[in-house]
Each structure stands twice: as C-alpha cells, then as structure tokens.
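Have a look at the structure below before the remarks.
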Amino acid sequence: MTFQDGYIRWIRQHIGHELIYLVYTSILVFNEAQELLVIERPDFSWLGVPGGALELGESISACAHREVLEETGVHAEITGFLGVFSHPQYELHYPNGDRVQPWTVGLVAKTTDQVGALDQKEITKASFRPIDEVYSQLFIQYQHMIDAYRSPRGYAIEEVFSLPTVQPYFPLLREKVGHAPLILPGTSMVVYDDKGYALAVRKKGTRRWRFPAGFSDIGESSSATAVREMKEETGLDIEPVDVIGIYSDPTVTQKKIPNGDQFQIVDYVLECQVIGGELRIDDNEIDGIQYMALDDLLAQPDNSTHFQRILLDVINRHNRPFIR
C-alpha cells in the first residue's frame, strides 16, 4: 500500500488499530440564513460537521475545502479559526477497532451553495439546520467548537490537561514505519520578557535561534504539549494566553533531518506567559537560551521559511489568528 491510497490506510497498515493521533480539520459551515451544515454518518450515532484527516502534501485549508466538497457537494469559503481541539476526551473508537485521539483544527466557513452530491461511503445525510436545534445532538468536540465560535474572541485555547500516563507519539511511530514521512502535530511557544523580547533557544549542532517547540504526545491536550515542552527545554512554567496561528503549508513544513526521518509538521503557535519555574538549559537538546528582539531573530541569515513566516506573524500579531 502506498500514500496514494491515503495516509490513514497507509499508517494503519503499519500500526494496526493502536491509538494514534490523526490531524483533522472540522469546519462549521454556515449558509446565508446562519444555519449550520451538519452531517450524519453510518459509523456514529451523533451528528457531525464536515471534515476529515489531513493528507501528506496538503495544508489545513486545502484539506478543509476538499472535505466539505467531497462530503456534501458544497463549496465553502474559510472565514476564521476556532482553535485546536485535541483533548483526550475526544478519543474515537471506530467500528473496525481503530482508535484515534483527534488533533483537530476547527475552522469557520460560509457558503451560498445548497447541499449537493454526498460521499455515500461516509455520509448518509447532510442538511443546514439552526445551531440551537442540533447542538445537543453533536459530538462534544463540535459542541466545544460552537462554544468557541460564540465566545467573545471567536476562538478558544484548550485547557492544560494530561492523562496520568502520557505516551510519546513520535518514537512509537518511528518504531513501526522507519524513516517514512509522517504527519506530526505540535506546538511552538512565544513568551516575552518585560522589554518585549521573545524567549529563544538554540538546538545543539545548529546556529539558529528559534522559539521553544515540540511534538504532541498521546494523552495530552495541545495546551499541555506547550506546557510540557517549555518545561523540558527551558525550566519555565507557562500558561497559554492567546493564539498566533496554525501553520501547515507543506511547501515549508515538510522536512527531512540528517538521520533520514521525514515528516510534515502541523505547528500550532501559542502566545504564553511565565507563571513560575527557573530558566535553565535542557542539556539533552539545547545549548543556548536567551531573550531576543524579534528583529534580531528575523535577521538571522539561516532562518527556515517556516520560522520566518511565524516571526512575521508574531510581529503583526494584532491580525491574529493566522491560518497558514
């Protein structure tokens, strides 16, 4: 089986029914009457909204457009970001035995289309309905997306939550698939001092300064990933306070590292504040840590395109959240 058969089928061939992260996007699509596009699926009893799993070489935005059109025949225009919804309480158990902790990017979209041809393998019915009429019948993850949509900011940050036992995800997959490309979700954290300088770290063997960052582990929320990674890399205790954006453009997030591992990053960038801890270096990965002016970070000659894009958005953060 190849990637042309789809990322889910390929990875399941290697790992069976084990609990894994899959990066999804789910979209709240509204018509001109502000009714919500809802779907019914043969494998679950609750109502859902259009969405699906990210494929290799695809951005979150492209995935959203594809899934809405494939599932409901509707062309939709993305208008906003709702947050990342990855809490372990959303774990899915599919009838075939597959287990997934969905790492879902919530988006808002609008359309003037009527429901068209359905993907009859996955969808039994699709219709536009008033939110209040369907809210209680929706899967809890979608309820939380609606709550975020209705909130004053229009988007939400997950609570910091980890199960008692958190399972490292990246090593689990590498044991099964070797160096093959993987889609890996994670967070980057932007923390400022009282001068407005941002905390930066330098990974061993490199010259480039970057924001603290890391991949998500099974059993934790996206905010818990940020808290854990910041503690591991810098010794600081933080809490996420705002969103910079979500970054998934495969032209800049697909990477191959010297050992041969390939992956496509989906990077959730959070603004955080320090609430405790003491600044120190993680000797295993980091050999430098300091607060730096954003312009100095931007002026580094060997910045990756991905990091450069994040930096420009951090500088222009009054326009947040960004969907890249």
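The values are calculated or read from the model by the stated rules, or taken from the named source; none is laboratory data. If you're wondering where the values come from, they're calculated on a predicted model, not measured in any experiment. Counting neighbours? That spans all protein chains shown, and the Cβs are built from the backbone with ideal geometry, glycine included.
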Could you name every one of the strands (runs of 3 or more DSSP E) located completely within the range 1-116 that has at least 3 residues being small (Gly, Ala, Ser)? 51-53
Expected single match for within 21 Å of Gln264 (Cβ to Cβ), modelled with pLDDT of 95 or more and among the hydrophobic types (A, V, I, L, M, F, W, C) among Ala76, Ala53 is Ala53
Criterion (closer than 23 Å to Thr187 by Cα, β-branched (Val, Ile, Thr), touching a residue at least 12 places away in the same chain (Cβ under 8 Å) and in contact with a Leu (Cβ under 6 Å, 6 or more places away or on another chain)) met by exactly one of Ile20, Ile27: Ile27
Pick from the range 1-31 the residues that are in contact with a Lys or Arg (Cβ under 8 Å, 6 or more places away or on another chain) and under 21 Å from Ala117 (Cβ atoms): which of them is surrounded by the fewest Cβ atoms within 10 Å (Cβ to Cβ)? Asn31
Taking into account only those residues within the range 104-148 that are in contact with a helix residue (DSSP H, G or I) (Cβ under 7 Å, 6 or more places away or on another chain) and not aliphatic (A, V, I, L, M), which is surrounded by the most Cβ atoms within 10 Å (Cβ to Cβ)? Gly106
Looking at the range 253-266, is at least one residue β-branched (Val, Ile, Thr), surrounded by 15 or more Cβ atoms within 10 Å (Cβ to Cβ), out of contact with any Asp or Glu (no Cβ under 6 Å at 6 or more places or on another chain) and under 18 Å from Val160 (Cα atoms)? no
Cβ pairs under 8 Å, 6+ apart, first in the range 31-50 and over 15 Å from Glu71 (Cα atoms), second exposed (fewer than 11 other Cβ atoms within 10 Å of the Cβ): Asn31/Thr112; Glu32/Thr112
Condition test on Phe81, is it more than 22 Å from Gly116 (Cα to Cα) and touching a His at 6+ places or on another chain (Cβ under 8 Å)? no
Looking only at the range 177-196, count how many residues are farther than 29 Å from Leu311 by Cβ and surrounded by 15 or more Cβ atoms within 10 Å (Cβ to Cβ). 2
Taking the stated definitions as given, is Glu67 among the acidic types (Asp, Glu), out of contact with any helix residue (DSSP H, G or I) (no Cβ under 7 Å at 6 or more places or on another chain) and closer than 23 Å to Tyr247 by Cβ? yes
